[in-house]
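Take a look at the structure below.
The values are calculated or read from the model by the stated rules, or taken from the named source; none is laboratory data. The shown structure was predicted, so the numbers you read here are calculated from the model rather than taken from an experiment. Here the Cβ positions follow ideal geometry from the backbone for every residue, glycine too, while neighbour counts run over all protein chains shown.
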Amino acid sequence: MSDELQPKYPWWPYQPLVAWENRLGQSAEKKGGLPLFCYEFIRFGVKQAWACLFGGLLLALLVGTHLWYPKDAFLTRYDFLVISAILIQAMMLACRMETLEEAKVILLFHITGTVMEIFKTHMGSWQYPEAGHLKIVGVPLFSGFMYASVGSYIARVWRLFDFSFTYHPYLRTTVALSVAIYINFFTHHYVYDFRWAILAVLAFSFRKTWIYFRIRRHYRRMPLLLGFFLAAAFIWFAENICTFTNVWLYPNQMNGWHMVPMGKLVSWYMLMIISYVMVSFVNKPTPFQDR
């Protein structure tokens with residue numbers, strides 16, 4: 001397949017766009033230099049946005065409902081978000097934007113995220129201030145979809161950029177790290193917070209790991225730890241938008257909005273590891289070979 005922007009299971013409306021984009025890429029490669037750089041830079045951004053489709057649509061719904069959703073509507077805002085998220089997920093499966101196996105992993109991440117939400121809201125780490133019927137122990141069901149959107153992004157970006165790796169840790173190592181991270185999210189409320197010790201082990205385990213990604217034909221690379229950080233920083237930025245729209249609030253935001261503390265960036269970084277490991281059960285980390 002000459003153009004990896006095309007999904008694994010092609011959907012017919014993509015075909016004209018794929019053909020046009022392929023011609024544009026061939027033209028940029030012939031010219032080289034600045035035209036090729038600009039083409040790959042834009043293509044990288046488009047593919048990243050395409051991978052973020054689920055999360056992007058969900059974020060747009062959060063902002064849109066904050067601005068325009070009627071406060072006296074029969075269906076509460078939270079319940080509307082739950083139904084909308086389910087429809088988006090169904091649409092992505094129907095249009096073959098996600099595979100069934102990926103959807104199963106994303107569902108698992110949805111469940112683990114909801115369990116953590118129930119615990120964290122009970123401990124007062126944050127809260128959901130609005131009413132809604134589709135809740136579990138006070139946690140709206142759409143909260144799990146926000147975690148699932150991270151898994152959806154990783155699964156889609158993995159395929160779109162044809163990821164491969166060098167010096168990737170063994171599966172048993174990554175699983176042990178993700179389990180330790182998840183347990184620490186709960187136990188640090190009662191015993192010592194081991195996040196810095198876990199991060200030290202994480203840094204050591206991935207210290208030599210490079211991720212190779214293909215924008216079009218040629219592979220580029222970066223340290224995988226840096227890739228985790230960039231994704232976590234983007235999620236932290238999106239979280240600021242979510243709290244601004246009153247979807248959920250931290251204790252220091254109850255009397256007026258403030259930026260989410262930078263310390264939460266560490267939490268998102270660690271959550272990225274859990275998401276990455278879950279997706280790696282479907283998209284196996286393959287050794288890099290310059291094909």
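Quick notes
- Residue count for the range 241-258, restricted to those that are surrounded by 15 or more Cβ atoms within 10 Å (Cβ to Cβ) and not aromatic (Phe, Trp, Tyr): 7.
Matching residues to (1) farther than 30 Å from Ile83 by Cα; (2) part of a loop (DSSP other than H, G, I, E, B):
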{"site": "Pro129", "(1), (2)": "no, yes"}
{"site": "Phe165", "(1), (2)": "yes, no"}
{"site": "Phe186", "(1), (2)": "no, no"}
{"site": "Trp196", "(1), (2)": "yes, no"}
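- Test: Ala155 is without any contact (Cβ under 8 Å) to a residue 60 or more places away in the chain, of a type in the set (A, V, I, L, M), over 20 Å from Glu239 (Cα atoms) and in a helix (DSSP H, G or I): no
- Check on Asp72, among the charged types (D, E, K, R) and surrounded by fewer than 16 Cβ atoms within 10 Å (Cβ to Cβ): yes
- Filter result for Thr114 (over 18 Å from Ile274 (Cβ atoms), of a type outside the set (Phe, Trp, Tyr) and in a helix (DSSP H, G or I)): no
- Residue within the range 118-136 that is out of contact with any Leu (no Cβ under 7 Å at 6 or more places or on another chain) and under 25 Å from Ala51 (Cα atoms) present: no
- Test set (1) more than 21 Å from Gly151 (Cα to Cα); (2) surrounded by 15 or more Cβ atoms within 10 Å (Cβ to Cβ) - Phe41 fails condition number: (2)
- Test: residue in the range 101-123 that is touching a Pro at 6+ places or on another chain (Cβ under 8 Å) and modelled with pLDDT of 90 or more: no
- Given (1) assigned to a helix (DSSP H, G or I); (2) within 25 Å of Ala155 (Cα to Cα); (3) at pLDDT below 85, number of the condition Ser27 does not satisfy: (2)
- Looking only at the range 43-64, residues that are touching a residue at least 40 places away in the same chain (Cβ under 8 Å), in contact with a helix residue (DSSP H, G or I) (Cβ under 8 Å, 6 or more places away or on another chain) and not in a loop (DSSP other than H, G, I, E, B) come to 12 in all.
- Residue check, Tyr212 buried (at least 16 other Cβ atoms within 10 Å of the Cβ), outside any helix (DSSP H, G or I) and either under 18 Å from the mean Cα position of the chain (by Cα) or not β-branched (Val, Ile, Thr) (or both): yes
- Qualifying residue in the range 78-99 (condition: among the charged types (D, E, K, R), surrounded by 13 or more Cβ atoms within 10 Å (Cβ to Cβ) and more than 30 Å from Phe186 (Cβ to Cβ)): yes
- Once the range 260-285 is narrowed to residues that are over 13 Å from the mean Cα position of the chain (by Cα) and outside any loop (DSSP other than H, G, I, E, B), the residue that is nearest to Arg172 (Cα to Cα) is Ser280.
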